[in-house]
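Okay, so here's the structure we're looking at.
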Amino acid sequence: MRTGIGRDGKHLFPAFPYTEFTRLTTADIKAIYAYLRTVPAVRVRPRENSFWFRQRWAMGLWNALYFTPGEFVPARGQSAAWNRGNYLVEALAHCAPAIRRGIFCLPNARMPG
């Protein structure tokens, strides 16, 4: 959830939003895991990825350039409500990267505040 490395030791693609989930609190990670354990498993054989999407070694380079691991740190001088909203956007909802990367193409930018 925080490092971008799967159980098999291979790099994950940021389509799994570890780049934002790295900011989750340990309590939230445990809560998500506990919830997912209650959902019935679905057996689906995924399609084979194309050549370019099998090159997971390249994710190490991508991570070195664009991935900054670390749990969310509340902004000093901001209210608890503001920090909670910032946490939801930056970590849990992972909508901030879609805005930054999709529109502004700023992979390491954080929300202002």
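The values are calculated or read from the model by the stated rules, or taken from the named source; none is laboratory data. Please read all numbers here as calculations on a predicted model, not as lab measurements. Here Cβ is always computed from backbone atoms with ideal geometry, including for glycine, and neighbour counts include all displayed protein chains.
Those helices (runs of 4 or more DSSP H) of segment 1-98 in which 2 or more residues are free of Cβ contacts under 8 Å to residues at least 40 places away in the same chain and surrounded by 13 or more Cβ atoms within 10 Å (Cβ to Cβ) occupy 26-36, 80-87.
For segment 17-31, a residue qualifies if it is farther than 18 Å from LEU65 by Cβ and modelled with pLDDT under 90, and exactly one does: PHE21. Test GLY70 against the stated conditions and say whether it is out of contact with any Lys or Arg (no Cβ under 6 Å at 6 or more places or on another chain), on the phi > 0 side of the Ramachandran plot and modelled with pLDDT of 85 or more. Answer is yes for this residue.
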